[in-house]
Amino acid sequence: MDFDFPTLAFLGFAAVAAIAALAAITARNPVYAVLWLVLTFFSVACTWIVGGVEFLGIALVLVYVGAVMVLFLFVVMMLDMEKAPAREGYVRYLPVGLVVAAVMLVQMLVLIGVRSALQSPLADNAAVAAGVPNTTWLAHALFTDFMLPFEVAAVILTVAVVAAVMLTLRRRPGARHQNPSEQVRARASERVRMVKMQAEVPAAPAQPEEGAQ
């Protein structure tokens, strides 16, 4: 098998994604796990871009790496954890962060070189055969042929979000909680009370006596 530069880059991105995913699930610190997961998503996006699926690669970077994982990182940093306190400082996470940033920078440079040398994707896909952009083909296939799996995936993600909230919900003493049913039944007469009070004139300040020092 002839391994050219794009193929080697694809295999390298896949290897980095597998190693980062293994590090994410074996990391004992939740912040480290999030950083490794960011590298995993970015590596998978690079493999998609090399394979000619640019839309999915960019969407993975923007949605998951740029929004979801950053949100997860902020949530992890704000959680009240006993075994791994995440609010002690940011310097302790600097080495892993620098490693992840350096690997992502190298991957971007390699990806730029691959896309500049690659005139066509590594393999012909359905979008190329149909003569349409991969975004158009993906949208048409997603909402026609794969509509049921798409809906099932949406239901699974919704259940996962609800389960994650229920698992992390903890009652803390002194914390204030809202009762939506009581808020809906609230009336203005119960929230505002008019109080009538007599106005009082403040007493004039005492004048100093003459000759007082």
Subset of region 92-112 (residues that are farther than 18 Å from VAL44 by Cα and out of contact with any helix residue (DSSP H, G or I) (no Cβ under 7 Å at 6 or more places or on another chain)): ARG92, LEU94, PRO95, LEU98
Look through VAL34, VAL61 and report the one residue that is in contact (Cβ under 8 Å) with a residue 12 or more places away in the chain and farther than 29 Å from PRO133 by Cα. VAL34
Of the residues in region 1-31, those that are in a loop (DSSP other than H, G, I, E, B), without any contact (Cβ under 8 Å) to a residue 24 or more places away in the chain and not small (Gly, Ala, Ser) come to MET1, ASP2, PHE3, ASP4
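No value in this document is a laboratory result; all are computed from the given coordinates. Remember, it's a predicted structure, so these values are computed and weren't measured experimentally. Neighbour counts are summed over all protein chains in view; Cβ atoms, including those assigned to glycine, are modelled from backbone coordinates with ideal geometry.
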